[in-house]
Structure formats: C-alpha cells, structure tokens
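One structure below.
The values are calculated or read from the model by the stated rules, or taken from the named source; none is laboratory data. Since the structure is predicted, the reported quantities are computational estimates derived from the model, not experimental observations. Cβ placement follows ideal geometry from the backbone for every residue including glycine, while neighbour counts extend to all protein chains displayed. Side chains are part of the model used for accessible areas, which takes the heavy atoms of the whole protein and leaves out ligands, DNA and RNA. Shrake-Rupley method; radii C 1.70, N 1.55, O 1.52, S 1.80 Å.
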Amino acid sequence: METLILMILGIVVAPVLGGLVSGIDRRVTARLQSRFGPPILQPFYDVAKLFGKVKVINNFWQVFCAWVYLIAAALSVGLLFAQSDLLLIFFVQAIGAVFLVMGGLASPSPFSQIGAQRELIQVLTYEPLIILVFASIFMVTGSFRIDEILNYDQPLLAKLPLMFIVLGYALTIKLRKSPFDFSTSHHAHQEIVKGVLTDYSGPYLGIIEIAHWYETIFILGICALFWHTSLVGVVVLLATTYFAEILIDNTMARMTWRWMLKYVWSVGLAMSFVNLIWLHAG
Amino acid sequence: MLPMMLALVILLPLMAALGCYFLRVSTIRTMIVLGTGVCIAATSLALFGQGSFTYSPGTILGISWDSLVTLADFALLFVILYYAFKLKNQLIKVFAVLQIIPLAVFELFFVDHAAEVPAFYADSLSLIMVAIISIIGSLICFFAIPYMKTHEEHLHLVKSRQPRFFFYLVLFLGAMNGLVLSNNILWLYFFFEVTTFCSFMLIAHDDTEIAVKNATRALWMNSLGGVAFVFGMIWAYSVTGSLSIQAILEAGPMDGAMLVPLGLLCLAGFTKAAQIPFQSWLLGAMVAPTPVSALLHSSTMVKAGVYIVLRLAPAYAGTFLSEGIALCGAFTFLACAAIAVSQSNGKKILAYSTISNLGLIICCAGINTTWAITAAIILIIFHAASKALLFLCVGTIEHGIGSRDIEDMRGLYLKMPRTAIITIVGILTMVLPPFGVLLGKWMAIESASGDLFVIVMLSLGSAISLVFWARWAGMLLTGPLREKVPAESQNILTRFTLTVLAAATVVVSLFSPVIYTGLIEPMVGKTYEITGGVFSSPIGVFAVYPIFIILAAAFIYAWIDTKKSGNIQNGASYMCGANVKEPGVQSFIGPMNVPVEIKASNYYLEAFFGEEKLTMWVNFVGLALIVLMLGGAL
Amino acid sequence: MLKKFIDNSRAKSPWIMHFDCGSCNGCDIEVLACLTPMYDVERFGVVNVGNPKHADVLLVTGTVNPRNAKVLRNIYDQMPDPKGVIAIGACGLSGGIFRECYNVLGGIDKVIPVDIYVPGCPAKPEAIIDGVVAALAKFEGLKG
C-alpha cells in the first residue's frame, strides 16, 4: 500500500518538479547569457498552449507512440519513487525511448528520420554507461533494489566518484544538452529543424514535453542516490550537478554523433574500469 | 503411459517423416503434418504431468534399443562420409573418419555393454525443451505448408521437392525431442548427429551453388563439434566409467581430470550454437527456406548446443572452465549484436541476433549461479518463441514484397498491415519489459554484476541490440497517414501460425511467474520470491503483473486515442515548405521545378560495426577465448 | 479552469517562426536582434523555432514572388491553428521599392492573411516586439 502511495505521489509530483527544473534551467541559462529570461513557470505555459492547439498529424502511429512514451516515462518515475529495482526502472524507461524513436521513424520527413537515427545512437551511447553505473552501485551495496540501497550507511559518492561523472555524461545526453544535442534540442536551439520531434505538433508535442520532464526527474533521482544519506547532501549534489550541466550546455559547441560515440564510450568505459578496480582493490 | 508418450514425441515424427516422403500427394502430406503437429504438441504438454522421470525402453523384437541406436549411428556417419566424398570436401572426410574410428574402438573395446544405463532422463529443463520443440516446431511446420507452395511457385520447379523437405523437417522434430530427453550419452550423440545431418540437408534444399556451399560449411563445422563430442565422451567415460549423464552430474562439481572432457563437450555445444568463431555456418544457413531458419537455426536446433552446455553446468560449477564459458558467451553476445547493427538483410539481422542471444544463454550457464541458470532457462523459452515468430514474419514479408532487405520494408504497414504489426509485436517482445526475453536479460545482468568483464560486455551488447531492433520496428511504420489501410490477404495457415505465435509470445510472458514457480524453481532451487506476479530477491525486483497491467492499459488508451485521431487534420510532413501537394506523394519541389522524391535510410555505422571490419578480429578473439577456456581446463 | 489556463498561456508563449521571402536581410537582422540580450524577447516566452508545425506566429520579411509564394503558403498551412501572421518591413507590407518588378507579386497579404503590419525599412526591433505583442491580442481575443 505504501509502495502504491509513493508511486502515485511520484507520478503526480514529478512533472511539476520537472517543469520547474526546466523553467529554472531556462532562467539560469538566460542569466548566463546576460539576458533576463522567461518566468520560472514558462514551461507550463508552453505545454498548456500546446494542448490548446489544433491537432495535426502526419501518421497516426505518432499519436500512439507519443502516449506510450509518456506513460512509460511516468511509470519509470513511479517505480523509482516506489523504490523498485534500478535495472527494471531503466528498462521501463527504455520502452519510452524506443517508442519515441518509432514515432520519429513513422513520419517520412527526412528531418524526423535523421533525428530518430541520431536518437538511437544517443540511446546506444548512454545505455551501457547507465547499466554500468547500476552494476557498480550493486557492487558497493549488494543490491539493485532502491530500498536496500537506501539502507547503505554512507554516501555512494565516496566509493564511486568516477561513476558519478560517468552518470553525468548520461545525464547530459538525456537532458539534450550541448555538446550532445543532435537528435533534437531544447529551448530555442535548433538542429535538423527539430530532429526527431519535427513532425510532432500541438498536444502531441506537449505530451512529449511532459514525458521529458519525467525523464529529467528520473535521471536526477538516480543522481540523488549518490548522496542518499542526507537531504542537504542530495540538494547540494543535485544543484551542483545541474548547474554544471547548464554551464556545459552554454560553453560547448554541438559535436557530431561519431565523436560522441567514440568519446563517451572510451572515457566512460575507462572511468568505469578504474572505479570498479578501485572497488575490487579496496 | 510414459513409453507411449515418449514414442509419440520421438518416433511419431519419424513415421510421419516417412509418410511425407513416400505418400507424394500434397493433401495427404498436409494432413500428416497437421496431425503429427497437434499430436506431439499435446503430448509435450501432457509430459509435464509426468514430472521428472528416468526410463529405459528395453528391447524390441529381441534386439536392444541400445544396439539399434549404435547401428543407426554408424549408418549415419557413413552417410555423412558418403556426402563428404560426393562433395569432395577433405575436412568433412577427416572429421567423419575421426568420429567413426574412435567411436568403433570405443564401442568395441571400452564400453561395458552389460552396465545398465537409463536411456532417458527428463527434468524440467528437458520437458521445457520438448514443449518448445513440439509446440513451436509444429507451428513452424504448419507455416511451412503454404510457404513451400509459394516458394516452389517462385522457383518454377517441374517436380516438387516438398516430400524431401518435409521428411527432414518432421524427422528433425523427433530427433530434437530425442536429444533433449536422452540420458545415455551415446544416444545423445546419435541425436546430435541426426540434427547435424537434417540441418545439412535442409540448408542444401534449394540446390543452388550457394546453398550447397553453405550446407557444406555447416556440415564440416558441426562435424568438428561431433569430433569434439566423441573425444569428450570417451574421455569422460574413462574418468567416470559411466555413460549416464545423470551419473556424471551427480558426482558434483568436478576438478582436474574431468574438466577437459567437459570442455570438449561444451565445445561441441559451441559449434552447434554457432558461437564465435563458428558463427559463419549459421549465417550461411540463411539461404535455406525461411521455415528451416525459424525451426533449426533459431528456435530449436541451435538450442541443442546451448542445452548441452546448460545440462553439464552443475559439473563444472565454480571452475575456471565455467568462467571461460561465461567470457566466451558474453563476448559472442556483444560481438554479434555489434555486427548485426551494420546489417540490412533482415534474415541476417535475425541470425546475428540469434547467435548473440545464444551467447547470452551460454554466458548464464558459465556464470553458473542458481540465478543465472534461471535466467538461461527463461531466455531459452522466450527467445525461441519470439525469434521463431520473427523469422516467419520475414518469410511472409519476403513473399509479399520480394525482398528481405529491411530498407525495402520501410512503410510496410501501408502494404501488409497485419504482418507489419505482428513483426513489431515480435520485436517488442525481444527488447522491452515486461516480456520474457527482457526478464531473462534482466536476471542475466543482475547475476553477472559481480563480474567486471562480463557485465561490461553484457551492458554494451544489450544497448547495441536495442538499436537494430528499435529502428526496424520504427521503419515498418514509416509513411504518410492514410484514412484506411487496405486489409491484407493471407493464407489461412500463415495467418493462424503468425497470430498464435504472436499471441503466445505475449501471453506466455504474462505467465512467466507461473512458469517459474511451476517448472524452474523445482529444478534449480529457489532464487526468487514470487508475490502477486512480482519476482523479488534480495538483489532485485521485477514486477511482471503490475507492469503488464499498466502497459496494457497504456496501449489500449493510446490505441483508442489513435483511433480517434482518424478524422483530425492530416498534415503533410515538413519539407521546408516545398512539398509536392499530391496525396500520397512524398516529394519536394527541387531544382528546375522538378519533383524530387525523398529518401531516407538507416545509419548502419559501418565505420564502427562493419561486418568485414569486425569479423576477422572477432573470430580471432573468440578463438583465443576458447583456447583460454580449454587451456585453463587442462 | 484548465481551459482558462490554456487560454492565458497562449498569450504567454508565442513561438515564432521567421520566413524570409526575399528580403535584403535588413529586416531579418532586426528580427534576430530581438532575441539578443539587448531586447531579450524570451522574457515574454517568445521562442524562435525553425518548424512551422511548432510555431504560433509567422514573421515574414521581404517581397513575395511566384516561386516562394508556394513555399510561404505551404508553411502557413502547416502551422496548426490558432496562429498569427506578422508582415515586417516595407517589402513585406506592399512590395516596397520592388513593388513594380516583373517578378514581384506585392505584399505578403497577396498570398496569406496578415494580422499585423510592422512598417519600416528596416523595421526596428522595438516595432517588431510591439507587433508580436499586438498579435497576441488576437490570441487574447480567443478567450471566452
């Protein structure tokens, strides 16, 4: 019962938090560019407006894929709040990722097609890293279950500092921040028109935006596990991490997917190996 | 009752095969295949009622079955030798002789024929295998009936070669059932050779130059496995003094002397399961008609290799050999998934993905904890169903559009909506939770997490396989929306098998907790606590029922909303405003006012995962790992 | 309440799409100037998008000729309702000094309905922002 309440709480609270994070993100970005920036609630206005627009579609499978993407993202956050299994949550999240790509491929528009292919490469890049992060958490705590992990008595960050950086790469890709924002991009950035989202419009774009908020919370939730022992620690860790993301977004140029695949895999795998060998040695 | 059932699952297919071969009327053949299929499928389910059993058939007409099998074995080896001479292939000759002579010496001088060895032994693993072979195998045989008819129409044959085809296809079902039920290692070897031979004949079925070439390769590689099997068998006998596999296993984890024969037997399993560096025979086998690929080369025969490795798992638990097997399996999983990304031939993608998944199962056997063994069995069940379905879909698509290239399947939904959706169902059951294959993968990854190298390879491999599956599923849907896609006409048997298999992959996944408590738990021991359809253990949770229910609701809701969208405004796709405004046309106005059709194609990442680029290195590493595995055993 | 929030949000989140019909780039630079820290239209929720399917307001600069009229029309059609169009600069309003050219059709309103006309050669960023705000009044008018 408690699990169910936590799950529903997660599903209700996450989009609100995710929207706020997105709003703060835009605001801070604007300040970094010496602009004033939109109101914090701007993402909510955007999505509300999108829901008020006329529905136009190009292939009805897009509607289907958009909904499944949203529900899978919501479910993964629900499971995260319900303290389920890390790997399971990640695989549920992957349902969403797959359907987003399928929706993109459903449209014959070349922009959407290229965007979907690039999105797949982004998935390819971050997925092994996240699984390795989970495996390393298992090696420290002896479990993939979040409830068991929360019982561990010291911050994981102390044991897995490099894995946190590896997770940071995944976070950057997942949040669609430069230099990794080439399947589609957020705010006013443009790449191959709007990449995988090109042919989604109106309410369906709104659905995808909400799903993206869920995903933001999902990945920030994983980050929070690295300092689960204190609430202050969580807040400091998340604030620092997210600010670093914004800083990276504003200082980096967009790169190519080839570069991303080579760079992130080599650096990510190398760091994982080093950190896991530390664990074995320690 | 038991002898009757065993006769039904092993001998009935043999009879039926003979019937197919000699009664050359297509109606009779259809009836025989349908009847046999229904019979063995029902029997395989009834066998579950028996639980695990040991059984020896005794004698027939005064001759012991053991001698009959031995006789048949030599006959088969000489037939293979005959084909070796016919094909003028030195390798096969050498391998056949290397099997005949040691086996003869072994039979004549070593084996104590007086010793009582139970011929059959079945536990849950065998019974699950029997069910997979009998049910999925039969469905594939049903599918083959209309398929072969169309196939021969395409080839414009004067004389139908179907009797021969169905002879081997149906015979194979019996041989495979025999293989998984055998306890006497000589029997196991006999059935092992029969499957090799059936596979050879079926790959060569179309009798084209390439078919014969690939069949020859399959035969020599599998004969190499046969040689490894014979030597492993003899060596094992010299150490333990028993032909009974159960007797070998009961001795518990082995050390020193026994590891080499176990390693050799596993090597035989590797060749059968087309593990790197033996993958090329399975890729070549894709020239065979699609039912063959579905039956032999994805859902059942290659599982024989996996079965042997898994069957022997308790004997090498905790040894270096076990670690070596895990590494080999994990490497195959990663390497074949990677090469699959660079492929655009649908059957080749399925072949690589099959090898990759077999690698995962073998890796689980190598990890050798109860969790990993559970994972392996779950994977065997669900992979067989999903992969058989996908092969049959590709076969149907190939007959529909005349190509098996996935680029040609772009927008298949507009032409063959039913097949396209079933293909997508098959693909989703391969990669997404809460379906069985992913459940197995989840168990595998969780049980591998202590092992640094294995977990790295598994995580990379699982991400890579997502890429080629997701894009294939997506591109089937590509296309402009049409109000109403015309319905697709399908042969009744094709439609029946595809629908049943698709429904089965989904429904059986739903029952995975039941399968676990009913079949797997009694065999491997308690690994997961099941409450309300949720697998839980101290290290992980997998909520099958809840996720199933929520996703089912999600799919239904999404579908309702999709249906409602039928009458909403239909926008052309974005082409920088230069669309050619004709319904159904996907072109933009290009230079000189000429319409240019848009074309999109997948990223195949040749630079990273190209087949030519990787194969040599991958084979090299695979060989090195096998040497490491066997060398460590010595 | 939800409907009211949506109606309010329309005015708070006008995503603009900028289409250059053949302008001398003067007006285009001024349009982009609106996004710079100096004017920062994102304060009002304005985002510059590159895709008509995501846009609420179409900013058009330059003269229309038979070749790009088709494209203009197509882009306008691909914008989902409710939407607004703002013609910018002398050329966009009437064809400007090119009005009499053999290949010029005239102003934007010859091809698609225009809601707001922003004059100038080039139009000043302040004027463009004023035009966008005026176009929002159209969305405000949808309330009710």
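Observations on the structure shown:
- Shape annotation for the stretch A:2-281: C-alpha extents along the principal axes are 57, 44, 39 Å, from largest to smallest.
- Surface analysis of the stretch A:222-268 yields an accessible area of 51 Å² per residue, using protein heavy atoms and a 1.4 Å probe.
- Put a plus charge on the Cβ of each Lys and Arg, a minus charge on the Cβ of each Asp and Glu, and nothing anywhere else: the dipole of the protein assembly as shown about its Cα centre is then about 2060 debye.
- Degrees separating the helix B:346-367 axis from the principal Cα axis of chain B, which is the longest one: 50 degrees
- Trypsin sites (Lys or Arg not before Pro) within the stretch B:81-142, DSSP loop, no more than 12 other Cβ atoms inside 10 Å: B:88
- Distance between the stretch B:77-128 and the stretch C:13-43 - C-alpha centres, whole angstrom: 80 Å
- Accessible-area ranking of B:615, A:241, largest first, probe 1.4 Å: B:615, A:241
- Here, P(r) means the percent of Cα pairs in each 5 Å bin from 0 to the largest distance; for the stretch B:164-283 it is 2, 12, 19, 21, 18, 13, 8, 5, 2, 1.
- Stokes-Einstein D for the stretch A:174-223, Kirkwood Rh over Cα pairs, 4 °C, 1.567 mPa s (µm²/s): 112 µm²/s
- Portion, in percent, of the accessible area of chain B that falls on carbon or sulfur, probe 1.4 Å: 69 percent
- Note on the stretch A:59-105: along the principal axes its Cα atoms extend 37, 14, 8 Å, ordered by decreasing extent.
- The HN-Hα couplings worked out from phi for the stretch B:265-270 by the Karplus form 6.51 cos²θ - 1.76 cosθ + 1.60 (θ = phi - 60°) are 5, 5, 4, 4, x, 4 Hz, whole numbers, x standing for Gly and Pro.
- Normalised convex hull volume, the stretch B:320-560, alpha-carbon set, Å³ per residue: 124 Å³
- Helical content alone sets the calculated 222 nm signal of chain B at -22000 deg cm²/dmol, taking -39,500 (n - 2.57) per DSSP H segment of four or more residues and averaging over every residue.
- Stokes-Einstein, applied to the Kirkwood radius of the protein assembly as shown over Cα pairs at a viscosity of 0.692 mPa s and 37 °C, places its translational diffusion at 106 µm² s⁻¹.
- Calculated over chain C: convex hull of Cα atoms, volume per residue (Å³): 91 Å³
- Accessible area per residue was computed with a 1.4 Å probe on protein heavy atoms; residue A:228 scores about 30 Å².
- Rounded to the nearest 500, the 222 nm mean residue ellipticity of chain A from helices alone is -25000 deg cm²/dmol, with -39,500 (n - 2.57) taken per DSSP H run of at least 4 residues.
- Those trypsin sites (Lys or Arg not before Pro) in the stretch B:433-493 that DSSP places in a loop and that have at most 13 other beta carbons within 10 Å: B:484
- The B and A chains share an interface that buries close to 6300 Å² of accessible area, total over both sides, probe 1.4 Å.
- Solvent-accessible surface of chain C, taken per residue with a 1.4 Å probe and all protein chains present: 43 Å².
- For peptides B:15-22, B:379-386, B:588-595, A:147-154, sequence by mean Cβ density within 10 Å, most packed first: B:379-386, B:15-22, A:147-154, B:588-595
- Peptide-level mean, for B:446-453, of C-beta atoms on other protein chains within 10 Å: 5
- Where C meets B: accessible area buried, both sides, 1.4 Å probe, Å²: 900 Å²
- Rounded to 10°, Cα long-axis angle of helix B:12-22 versus longest principal axis of chain B: 70 degrees
- Fully extended contour minus Cα-Cα distance, from residue B:94 to residue B:75, at 0.36 nm per residue: 5.2 nm
- Residue A:187 accessible area, 1.4 Å probe, all protein chains in place, Å² to nearest 10: 40 Å²
- Chain B: angle of helix B:417-431 to the longest principal axis, Cα-based, in degrees nearest 10: 50 degrees
- Each Lys and Arg Cβ is given +1 and each Asp and Glu Cβ -1; about its Cα centre, the stretch A:27-107 then shows a dipole of about 460 debye.
- At 1.567 mPa s and 4 °C, Stokes diffusion of the stretch B:2-103 via Kirkwood alpha-carbon radius, µm² per second: 78 µm²/s
- Ordering of B:197-208, B:488-499 by packing [mean C-beta count within 10 Å, highest first]: B:197-208, B:488-499
- The accessible area of residue A:209, taken with all protein chains in place and a 1.4 Å probe, comes to roughly 60 Å².
- Using a 1.4 angstrom probe on protein heavy atoms only, the contact between A and C buries about 2400 square angstrom of accessible area, both sides summed.
- Sorting C:30, A:245 by accessible area puts them as C:30, A:245; the probe is 1.4 Å, largest comes first, and only protein heavy atoms count.
- Restricting the calculation to Cα atoms, the stretch B:1-316 yields a radius of gyration followed by a Dmax of 18.8, 59 Å.
- Averaging 1/r across all pairs of distinct Cα atoms in the stretch B:100-197 and inverting the result yields a Kirkwood radius of 15.9 Å.
- Of the peptides B:328-336, B:303-311, the order by per-residue mean of other Cβ atoms within 10 Å, starting with the highest, comes out as B:328-336, B:303-311.
- Taken over chain B, the alpha-carbon convex hull comes to 167 cubic angstrom per residue.
- Of the solvent-accessible surface of the stretch A:2-281, computed with a 1.4 Å probe over protein heavy atoms with every protein chain present, carbon and sulfur atoms account for 70 percent.
- Those residues of the stretch C:44-76 for which accessible area with every protein chain present is at least 30 Å² below the isolated value (1.4 Å probe): C:47, C:48, C:50, C:51, C:53, C:54, C:56, C:67, C:70, C:71, C:74
- Take each residue of peptide B:465-476, count the partner chain Cβ atoms within 10 Å of its Cβ, and average: the result is 6.
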